[in-house]
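Enquirer: One structure, as structure tokens, below. Some questions next.
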Amino acid sequence: DRHRINKILVITLSNVGDVVLTTPVLTTLRHYYPHAQLDVMVGPRALGVFEKCSWVSELIVYDKAQSLAHKIMLVRRLAREQFDLVVDLRHTLIPLLLPVPYRTTLRRKKDVGPVHMRDRHLNRLYELGLACVTAPPRFPFFDSADVERVRQMLRAQASMPSDPLIV
């Protein structure tokens with residue numbers, strides 16, 4: 001029941017490029033659960049992807065190189081958070097260790113033929129009965145200060161084009 005999902009944990013990946021490919025999952029979750037608190041567990045290298053995201057209530061850094069004792073403390077802390085849904089894109093044991101009513105499964109579905117990584121991540125939501133949102137993603141990677149800083153950099157160029165830029 002969607003109305004009972006108030007707090008979500010998304011366990012995402014460690015590398016920046018891989019994490020960017022998981023953002024459609026967050027877009028879809030935000031669409032289905034617009035009022036839910038959305039926390040993200042991410043590796044330290046990809047933390048910057050979510051730092052300015054207004055959708056994310058809390059960023060939790062998971063460094064797989066940390067000690068077992070630290071990982072146990074992290075799982076205990078997460079258990080106290082009382083998440084309603086855990087979406088694990090890393091296929092870890094963490095969701096099984098947390099008292100949550102809804103979670104993605106640990107098993108990996110066998111792909112038939114080549115499948116884009118973005119679609120593999122979205123398939124985790126299909127397990128929960130959620131269809132991908134087909135609207136263009138509006139994932140907030142940056143804020144208005146970032147946009148203004150880029151505009152100033154472009155204005156500083158002598159031949160700033162008046163047409164839209166493709167980067």
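The values are calculated or read from the model by the stated rules, or taken from the named source; none is laboratory data. Just so we're clear, the structure is a prediction, and the values are computed from it rather than from any experiment. Every residue, glycine among them, receives a Cβ derived from its backbone with ideal geometry; neighbour counts consider all protein chains shown. Just the protein is used for accessible areas: all its heavy atoms, side chains included, with ligands, DNA and RNA removed. Shrake-Rupley method; radii C 1.70, N 1.55, O 1.52, S 1.80 Å.
Enquirer: Can you list residues whose amide H is under 5 Å from Asp88's amide H, if they're 5+ apart or on another chain and H is modeled 1.01 Å from N?
Expert: Under 5 Å from the amide H of Asp88: Ile11, Thr104.
Enquirer: If the label point is 7 Å along Cα→Cβ of Arg80, which residues in region 32-74 have backbone nitrogen under 13 Å from it?
Expert: Within reach of a label on Arg80: 73-74.
Enquirer: Continuing with this model, one more query. Could you give each residue of region 14-26 its phi-based ³J(HN,Hα) in whole Hz, using Karplus coefficients 6.51, -1.76, 1.60 with θ = phi - 60°, and x for Gly or Pro?
Expert: Result, rounded to whole Hz: 10, 8, 4, x, 5, 5, 4, 6, 8, 4, x, 5, 5.
Enquirer: Obtain the radius of gyration and the Kirkwood radius of region 1-95 from its C-alpha atoms and give Rg over Rh.
Expert: For region 1-95, the value is 0.94.
Enquirer: Let me spell out the model: positive unit charges on the Cβ of Lys and Arg, negative unit charges on the Cβ of Asp and Glu, origin at the Cα centre of region 1-84. What dipole size does that give, in debye rounded to 20?
Expert: Once rounded to the nearest 20, the dipole reads 160 debye.
Enquirer: Rank these by accessible area, largest first, 1.4 Å probe: Tyr32, Tyr102.
Expert: Tyr102, Tyr32
Enquirer: With viscosity set to 0.890 mPa s and temperature to 25 °C, compute the Stokes-Einstein D of region 1-49, Rh being the Kirkwood radius across alpha carbon pairs; µm²/s, no decimals.
Expert: Calculated translational D: 216 µm²/s.
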